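Inspection log for the structure reproduced underneath, given as structure tokens.
Just so you know, all these numbers are worked out from the coordinates, no wet-lab data involved. In this text, all values refer to a predicted model and were calculated from it rather than measured experimentally. Using ideal geometry, Cβ is built from the backbone for each residue, glycine included, and neighbour counts are taken over all protein chains shown.
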Amino acid sequence: MIVTEPPSTTAGEALFADLRTPELSRFLLRAKKATGLLGDVTVLLCGNTRIRQLNRDFRGKNKATDVLSFPAEEHAVDTAGDLAVSLETAAKQAADHGHDLLTEVRVLLLHGMLHLAGFDHETDTGEMQQREAELRDRFKLPGGLIERTLLQPKQRLRPRSTSPSTPGSER
């Protein structure tokens with residue numbers, strides 16, 4: 001099930017208008033099956049303000065993020081868990097990576113569902129990255145969140161001066 005909580009800005013509201021929710025719901029069902037999740041997955045599509053609040057309240061990080069995963073308790077049989085996706089952050093990431101918002105939301109949902117399935121790229125030895133890559137190939141999705149983090153360019157060093165150096169000077 002997909003729940004929307006549009007942001008209060010006009011630009012944020014436009015993101016919801018552009019998103020094809022029925023298509024996203026079909027993807028959610030296919031991805032849920034592919035990740036082996038049993039039970040319902042509820043997705044909250046929201047803005048940065050709401051996801052920042054959730055991130056602060058549940059993870060102690062007072063900043064907006066792209067996707068949050070909330071696995072169901074172990075004894076729950078009807079639900080696999082909940083996901084929250086910031087459409088504002090997703091739109092920025094989509095633009096940064098050269099694809100549309102729907103594609104970016106799919107990438108985020110797949111990543112979140114792998115977390116619901118018990119994967120954790122912060123503690124495993126590459127299992128989540130490998131599984132995510134396999135599923136991205138199956139669903140014809142671009143690079144995922146783990147690869148983006150690993151491939152981010154290193155901080156650039158200061159450019160070297162073009163003037164000749166003198167002995168003892170530093171560049």
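Residues whose amide H comes within less than 5 Å of that of T79, counting only those at least five positions distant or on another chain, are D40 (H built at 1.01 Å from N in the peptide plane). The amide H of K61, built 1.01 Å from its N in the peptide plane, has R56 as neighbours under 5 Å, considering only residues 5 or more places off or on other chains. The distance between label points at K61 and K140 comes to 3.2 nm (points 7 Å beyond Cα on the Cα→Cβ vector). Beyond 23 Å in Cα-Cα separation lie the following of the pairs K33/K140; K32/K61; K92/K140: K32/K61. Multiplying the residue separation of D120 and E23 by 0.36 nm and removing their Cα-Cα distance gives an extension gain of 32.2 nm.
Projecting the alpha carbon convex hull of region 2-145 along each direction and taking the average yields 8.5 nm².
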